[in-house]
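The values are calculated or read from the model by the stated rules, or taken from the named source; none is laboratory data. None of these values were measured; they are calculated from a predicted model. Reconstructed Cβ throughout: ideal geometry from the backbone, glycine too, with neighbour counts over all protein chains shown. To get the accessible areas, we keep the full protein, side chains included, count just its heavy atoms, and leave off ligands, DNA and RNA. Shrake-Rupley method; radii C 1.70, N 1.55, O 1.52, S 1.80 Å.
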Amino acid sequence: MESIGSLFWLLIILISLQPALRRKVRQWERLKVIGRLEEKRNSRLIVLIHHQETLALLGFPFFRYIDINDSEQVIRAIRLTDDAIPIEIILHTPGGLVLPSLQIAQALERHPAKTRAIVPHHAMSGGTLIALAADEIVMADDAVLGPVDPQVGRYPAVSVLRVLHQKPPERIDDETYILADQAEKALSQTRSEIEELLSKKMDLEAAKETAAALSEGNWTHDHPISPADAKALGLPVTTDFPTEFFDLMDMYPQPVRRVSSVEYSPGPRSTE
């Protein structure tokens, strides 16, 4: 009976460790593919991917975004890259905090060799800020960037400032004045940072115009900027997207739902 009990608990332990082991195996497989792509393309490949994820055991979703840990890891990877080696960074993110996004952007911009931002699906907000630092932005045909207008609390900075002009002073409370002060600083700082990044790739006047378009609330924060829109803004965008990056993205599945809401027959579909 004791041996049966021991086998039972051993089985329980193995079952509990199985998800962690599967994650380690998947990570090892991804690193092998990343290594092969680096050899083939003679570059440093950095992957920055954020999904909506599900907490283990509890099962409720939480959202990933660019944070300080991301900036530490990406900057470390950039620092470990020889000055003569190009850097390609895959961006698949809804955005995140300004500070780590800007740190990554500045580190990428300082790298002496050519840099590329690879956007398979979407790189919004802080993801766009990082992309602006690259020498080239490689977007899939259906991929999008997003505005880089700063947010103050729950509100767009530009919208907070408009309140000061649209309401009489006696109807504006102290908290709104404080938010407006922060909004004005955030808007000025963000516009200035974008101008600095873009001034290395276009003339100063064009950089100012593009920075204003991206930061001054011309669109809602989730507005999609297509490759054509990005080119019209003067950004160094190409849609010559290597299919091998799609294959790599397939190795980072969205883990939110146990049953997929999208299904199709695997493999290509053609008339042949």
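Here r is the Cβ-Cβ distance between Glu39 and His223 and R0 is 41 Å; the resulting FRET efficiency, rounded to 0.05, is 0.60. Accessible surface of Met251, taken over heavy atoms with a 1.4 Å probe and every protein chain present, rounds to 50 Å². Taking θ as phi - 60° and the Karplus parameters 6.51, -1.76 and 1.60, the scalar couplings of segment 103-116 work out to 4, 5, 4, 5, 5, 5, 5, 7, 5, x, 7, 5, 10, 10 Hz in sequence order, x denoting glycine and proline. Ranking Pro147, Ser159, Pro100 by Cα position along the charge dipole of segment 93-212, where only Lys, Arg, Asp and Glu carry charges on their C-beta atoms, puts Pro100 farthest toward the positive end.
Residues Ser226, Ser215 ordered from highest to lowest accessible area at a 1.4 Å probe: Ser226, Ser215. When each of the peptides 142-149, 109-116 is scored by the mean number of other C-beta atoms lying within 10 Å of its residues, the order from highest to lowest reads 142-149, 109-116. In the structure shown, the pairs Lys32/Lys114; Lys114/Lys208; Lys114/Lys200; Lys114/Lys201 are assessed against 19 Å; a Cα-Cα span above that value is assigned to Lys32/Lys114; Lys114/Lys208. Amide H to amide H, with H built 1.01 Å from N, Gln151 comes under 5 Å of Ala157, counting only residues 5 or more places away or on other chains.
Taking θ = phi - 60°, what integer Hz values does the Karplus form 6.51 cos²θ - 1.76 cosθ + 1.60 yield along segment 30-46, in sequence order, with x for Gly and Pro? Karplus values, whole Hz, x for Gly and Pro: 5, 4, 5, 5, 4, x, 5, 5, 4, 5, 5, 9, 6, 8, 8, 10, 10. Among the trypsin sites (Lys or Arg not before Pro) within segment 120-185, those in coil by DSSP and having at most 14 neighbouring Cβ atoms inside 10 Å are Arg154. Summarising the label geometry, the points placed 7 Å from Cα in the beta-carbon direction at Leu99 and Asn69 lie 1.6 nm from one another.
Taking all protein chains together, Phe241, Phe246 sort by accessible area into Phe246, Phe241, largest first [probe 1.4 Å].
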